[in-house]
Every structure is written in C-alpha cells, then in structure tokens.
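All of the numbers you see were taken from the coordinates with simple rules; none came from a lab. Quick caveat, the model's predicted, so the values are computed rather than measured. When we count neighbours, we look across all protein chains shown, and the Cβ atoms used for this are built from the backbone with ideal geometry, even at glycine.
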Amino acid sequence: MYVEQLPPHDVDAEEAIIGSLLIDGSTIFRVSTNLQREDFYRERNRWCYEACLALRDRGDPINQISVADELRVQNHLDDVGGPAYLSHLISTVPTSVHAEHYARIVARLGMLRRIIRAGGDIASLGYEGTTDVDDVLTRAEDMIFQVRTGRETRDFIPLRNVLDQYLEDVTALPPGLERKDGPIPTGFTDLDRLLGGMQRSDMFVLASRPSLGKSTLALNAARNAAGTGAKVAIFTLEMSAEQLALRLLANEAGVDAHRLRLQLFTNAEEERMYSAVGALSDLPIYIDDSPIQTIVDMRSKVRRLHIESGIDFIIVDYLQLISGRGRSENRVQEITEVSRSLKALARDLDVPLLACAQLSRDVERRERERRRPRLSDLRESGAIEQDADIVAFIYREDKNFTEEAWAHLYPDKPYPQNIAEIIVAKHRHGPVGTVELYFNERLAHFQNLTTFVEPERE
C-alpha cells in the first residue's frame, strides 16, 4: 500500500515560536536573523510570523492584541483561527527563554524542505534531455547555491524597503568602526580615496599592455586586502601558484625576485625571507592556477570556496584567457559571455571582483604623445567596458620616452622614472581621475608615492 510521505516539519516548534513572540515581543530580534517566513510549514503559523515581522519593521509592540489587529488588517485573522488560536499559542509555552532553540528546529526543517524541492527541480532538468550539459550543470548549481545561502530568486522590491535597509546599515555601527561587509581597501591611499575602496558587487577591470604591471598591481591589492582580514580568491591563468607565491615573498621580504629564485641572497635577506614566510602564511589568500579555465568551472570553484571559507575579494588574471562554454560563434561573443558572467558572480556573492585585461595593439600604433589608453582600446569586446563598474588603465611615460626624448619635449618637467599612472577612465558610482604610484622595478612592487622609501641593498 502506497503511503504519501509528508515533508519534514514540526508544528509544535512552530507554535512554540509564535507563542514566545506573543509572550515577549523583543524575542523577534533574537530569532528573525536566522528564521525566514518560508521556514514555517503550517500556513497559519507563517501568517502569524509575518504579522510579527511587520510590527517589528514599524517599531510597534508585539503582543496578542497587536498581532491580532495586524492579522485583521491583512485579512488573515479568521484564517488562522481568530483570537482563540493566539490564546492557544500562548498556552503552549510557559516562557520565551527557549525561543532560539525552537527557531533552530524550524529553520533546519525548512532547509530540508528546500533541499527536497531543489532535488526535484534538478531531477526535472536531467529528464529534459538537453544537449547542453554545461547549462544544466550551471542551473543545477544555482539551485543548490540558493538553498545553501538561503536566497530565493529575486522579485520586485519596493524602494522603501531598499532605503530602510540602507539607513539600517548606516546606523548599525558606532562612528569610527568599519563594517565587516564594507568596501575592501586596495592599500593605495590615493586610489582608495578616489574609488572609496573596492565596493561590494562591483567589477573592477584593470587593463594595460603587457609588462606594465597589471598582474603586480592586482597581487599587491590582494596582499593589502588580506592584511586587513579580507579573504581573497585569486585565479591566475598566466602564472603558476609557485611563481605567484614567490612574487609575494619577494615583495614581503624586500628581496629581488630573480635572486630569490636562484637562492642568491645574503644572510640578512634570508632572515627577512623566513620572517616574510611566517607573515604570508597567516594571510587568507587562496590560489587557483589551473591554466585552462572555463567560466562555468570558475563560478563553481569560487562558490564552493565561498560556502566553505567565505570570500571577500576575487581576482582574475586575466580576463581574455578565460574560455566560455564553447557555444559562441566568435571570440567577441565568448568574451562578452565571460565578462557578463564575472559581473554576475560579483553580484551573486556580493564581493568586489578585480579582473585584469589586455589592451589592443592600437595603443602602440599611435604616436608616442597619444599613447595614453582609452576605453575603446579594450581588446576583443566592448562588453568589458559596458559590464565593468570601474575601468582603470596603467600607463608609464618612461616606457614610451627615453630620458633624452623627454627632456627635449618637456624641458620643464622632471623625468617620470618608475612613475605609474593609474587612469580611472570609468567609474559608475563616482568620479574619474588619475592616481600616481611608484613602481619598484627591482621588487616588481607598487607603492604609494607619499610613503615610498627605497630599501637599502645589503
């Protein structure tokens, strides 16, 4: 005989939560952080909980009378069983002390029901018989990720709710304290001042011609961000993890990377190196150096890492080396797909994403006086410019002009030896401008001009 199996639920725990809220309305602040409306299995209990949330949002007291009135306004009072049902809920619990325990039970069972629902949806995808396996995997992954993070598909949100959340975030902490979910600093004072740090959900594209230091600048930003406690995920498609780690070590120890690679260092440098290893080992930096990456693989890896460890900052070096899903008719369409997927990933995880990019050769074909990069120089796709919230270029005059040529053209200006201009050409949420940094050739390291001190050689 077939017996229908009910989804996991606990009506007694649901009633105990609502009863606790009716006894002590302040309990809502302890349970609402982890308990969602959808976690309630019994509909009338869900309506009661929604009424409590509505009262909380307005700052009104939560008790039997106010909840009954709120349910009456929402035309649900008779549906839940009237005031008599609210009295019954109060009688189910003698105190509100254990409300959080009941909330954990209901939230856990709600999660199990969402897993069951997602499992059914994923099974349906398998039965569709589509030939695009990558698309099916992406959609299945999205479903699991939504279950894990507790987020459902977005719907229309009233402007009032967005503004209320903003005011709540602004006033949540006392002045002088930084929010844990605030912007990520790059460590470069003038650049952080111009951008306001790396804002969450933003995609920052850092572009230049080869050998001008975009990978180095991205790596320096990663080190600086990790030094503040931010967890950084790095996808390096050009360098191996060993090469990247060696660069970090050279910068941290103040030792020439080439000499470090050949183990040609002094005793003093060796001591600094071991000290740097200890400092770097404690940093929350995660490296993936797979030389061939598809956007599907990257999204899967970083989501898994985000679930396991929590990620605050993503770096991709570099964008044009990423492969699409193999369905694009040409490279421009493929890069468009990659660019939009990276932006979606930044929004999905609510973290800043810095993607390095190559500029086209058109820059070098122009006269030396006109080689400052512009947005149209972004190689292979205009979608990069469109999708990015910030586009910045690295430009160095000393790579275009010899000291003699510079003195001839600009006799009144000092030769900009090792001075790198960071040209912010697009800034969706703020001003554009140019920031100057010092580039240490020996260490392959960017530094603030105001704090730059050339380390002494042993």
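State, to one decimal in nm, how far the label point of K413 lies from the label point of A241, with both points 7 Å from Cα in the Cβ direction.
A separation of 4.4 nm, rounded to one decimal place.
If packing is taken as the average number of other Cβ atoms within 10 Å across a peptide's residues, how do 279-286, 291-298, 182-189 rank, most packed first?
182-189, 291-298, 279-286
For segment 189-451, give me the percentage of DSSP beta bridges that are antiparallel, rounded to the nearest 5 percent.
45 percent
Could you work out the per residue convex hull volume over the alpha carbons of segment 252-326, in cubic angstrom?
For segment 252-326, the hull spanned by Cα atoms encloses 119 Å³ per residue.
Which angle from 0 to 90°, rounded to the nearest 10, does the C-alpha axis of helix 214-227 make with the longest principal axis of the chain?
Helix 214-227 and the main axis of the chain meet at about 50 degrees.
I need to check one value: relative contact order of the chain, counting alpha carbon pairs closer than 8 Å and at least 6 residues apart, in percent.
This gives 15 percent for the chain.
Below 25 Å Cα-Cα, how many Lys pairs turn up in the chain? Only count pairs eight or more apart in sequence, or on different chains, if you could.
Qualifying lysine pairs in the chain: 14.
Would you please put 211-218, 199-206, 78-85, 62-69 in order of how densely packed they are, using the mean number of other Cβ atoms within 10 angstrom per residue and starting with the highest?
The packing order, highest mean first, is 199-206, 211-218, 62-69, 78-85.
Over the chain, what is the percentage of antiparallel beta bridges among all DSSP beta bridges, to the nearest 5?
45 percent
In debye, nearest 20, what is the charge dipole magnitude of segment 189-451 about its Cα centre with +1 on Lys and Arg Cβ and -1 on Asp and Glu Cβ, if you could check?
With Lys and Arg at +1 and Asp and Glu at -1, about 660 debye.
To test your reading of the geometry: what angle, between 0 and 90 degrees and rounded to tens, separates the Cα axis of helix 43-58 from the longest principal axis of the chain?
Taking Cα atoms only, the helix is inclined about 60 degrees.
Share of Cα-Cα pairs in segment 63-116 beyond 19 Å, in percent?
In whole percent, the share of Cα-Cα pairs in segment 63-116 beyond 19 Å is 49.
With +1 on each Lys and Arg Cβ and -1 on each Asp and Glu Cβ, how big is the dipole of the chain about its Cα centre, in debye rounded to the nearest 20?
So the dipole magnitude of the chain works out to roughly 560 debye.
So, by mean Cβ neighbours within 10 angstrom, what's the order for 253-266, 223-236 with the highest one leading?
Ranked by mean Cβ neighbours within 10 Å, highest first: 223-236, 253-266.
About its Cα centre, what dipole magnitude does segment 1-155 give when the only charges are +1 on Lys and Arg Cβ and -1 on Asp and Glu Cβ, stated in debye to the nearest 20?
Taking the Cα centre of segment 1-155 as origin, the dipole is about 420 debye.
Under 8 Å for C-alpha pairs, at least 6 residues apart: give me the relative contact order for segment 189-451, rounded to a whole percent.
27 percent
Relative contact order for segment 1-155: what percent, with Cα pairs under 8 Å and sequence separation of 6 or more?
Relative CO of segment 1-155 lands at 32 percent.
If Rh is defined by the Kirkwood formula over all Cα pairs and Rg also comes from Cα, what ratio Rg/Rh do you get for segment 189-451?
Reported Rg/Rh, Kirkwood definition of Rh: 0.97.
Sum up the charges of everything whose Cβ sits under 12 Å from the Cβ of Y286, counting Lys and Arg as +1 and Asp and Glu as -1, but leave Y286 out.
-1
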